[in-house]
Amino acid sequence: MSLIIQGLTKRYDTQIAVADLSFTIDKGSVVGFLGPNGAGKSTTLKMIAGYLTPDEGTVTLNGISNQKDPIFFKKLVGYLPESNPLYEEMYVKEYFSFLASIHNINNPAERIKELIELTGLQSMQQKKIGALSKGYKQRVGIAAAIIHKPVLVLLDEPTAGLDPNQLIEIRNLIVSISREAIVLFSTHILQEVSAICSSVIVLHKAKLVANTLIQDLLKPTQPAIRVVFEEAIEPYLTDDFFQGLDFEKQDKHVLVIKSTDINKLKKEVLHFALAKGLNIQALQTQETSLEEIFKLLTH
């Protein structure tokens, strides 16, 4: 089972929303879809789901094209838009019954019960959707996207605006969905990506800038150390020791220094501090964060 995107392009007059995008995702994957606002994430998800027609390129799922066989393709896809459109005047269980009838689901009562348990909506099933908190509405939206057991689940900002407890619950739900389906979800919460994703796709200015396993993305591009001095370090930065060093001053007491030989650099920093009578509060290897990599890729 795989989703194959080839040369996907979308234009609005002279503006290019998505430019020649290609990637492949296999079953069992949770893929984070990252990029600044306006990078083309939502447009891409809409084209994959079949709600937007691309100007160029193809989308195939298990060999089925969303352009050549759009009705059958959409039966295989679950899609939660960023706006999470719901019938708020309906009761939760009533809404699921309505969706089950649309999808012609066999034994709908059993599937609805299973879905309510999976999404943790047992205590909310007899309430009106409009009366639910945002976290529970997100669960209802996700449930609506997976009620027909799709093989591809597209989630656009499913965790936006949720509190920490809700984030954990939705995160666990996404992981459970990925056991049976491909999950592609866009997010601005980078911690969510590092916590649950097996790989990541990054867009910037409508173009693909990264498509890699999460552990490969997090590998430091160059090792560095973070040094915290008791004294203000600014007066010493003109010293010969710092000439030729690749460093960044984070505040008046903290430096981040890059080097290909971290052990040697640590010894040199200690010798420098001893010679100048400086006290070091902390000296540690600096790991490259997902936030730093995101900045590098999108600036």
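Some values worked out for this structure:
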quantity: Enumerated strands (runs of 3 or more DSSP E) restricted to the stretch 1-50, each holding at least 3 residues that are in contact (Cβ under 8 Å) with a residue 12 or more places away in the chain and over 17 Å from the mean Cα position of the chain (by Cα); calculated: 2-12, 15-26
quantity: Complete set of residues in the stretch 203-241 that are within 15 Å of Leu278 (Cα to Cα) and in a helix (DSSP H, G or I); calculated: Glu234, Pro235, Tyr236, Phe241
quantity: Helices (runs of 4 or more DSSP H) fully within the stretch 98-177 counting 2 or more residues that are out of contact with any strand residue (DSSP E or B) (no Cβ under 8 Å at 6 or more places or on another chain) and of a type in the set (Val, Ile, Thr); calculated: 108-119, 164-177
quantity: Residue match in the stretch 213-221 (condition: acidic (Asp, Glu), more than 28 Å from the chain's Cα centre (by Cα) and at pLDDT below 95); calculated: no
quantity: Test: residue in the stretch 204-220 that is in contact with a helix residue (DSSP H, G or I) (Cβ under 8 Å, 6 or more places away or on another chain) and of a type in the set (D, E, K, R); calculated: no
quantity: Filter result for the condition that a residue is out of contact with any helix residue (DSSP H, G or I) (no Cβ under 7 Å at 6 or more places or on another chain), touching a residue at least 12 places away in the same chain (Cβ under 8 Å) and of a type in the set (Gly, Ala, Ser), over Ala131, Ala143, Ala160; calculated: Ala160
quantity: Hits in the stretch 172-191 - residues which are at pLDDT below 90 and surrounded by 19 or more Cβ atoms within 10 Å (Cβ to Cβ); calculated: Thr187
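For every residue, the table says whether it meets (1) surrounded by 15 or more Cβ atoms within 10 Å (Cβ to Cβ); (2) modelled with pLDDT under 95.
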residue	(1), (2)
Asn84	yes, yes
Lys93	yes, no
Leu99	yes, no
Gly120	yes, yes
Lys128	yes, no
Ala131	no, no
Gly141	yes, no
Ala145	yes, no
Leu152	yes, no
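The values are calculated or read from the model by the stated rules, or taken from the named source; none is laboratory data. What you see is a predicted model; the values in this text were computed from it and never measured. As a convention, Cβ positions derive from the backbone with ideal geometry for all residues, glycine included, and neighbour counts pool all protein chains shown.
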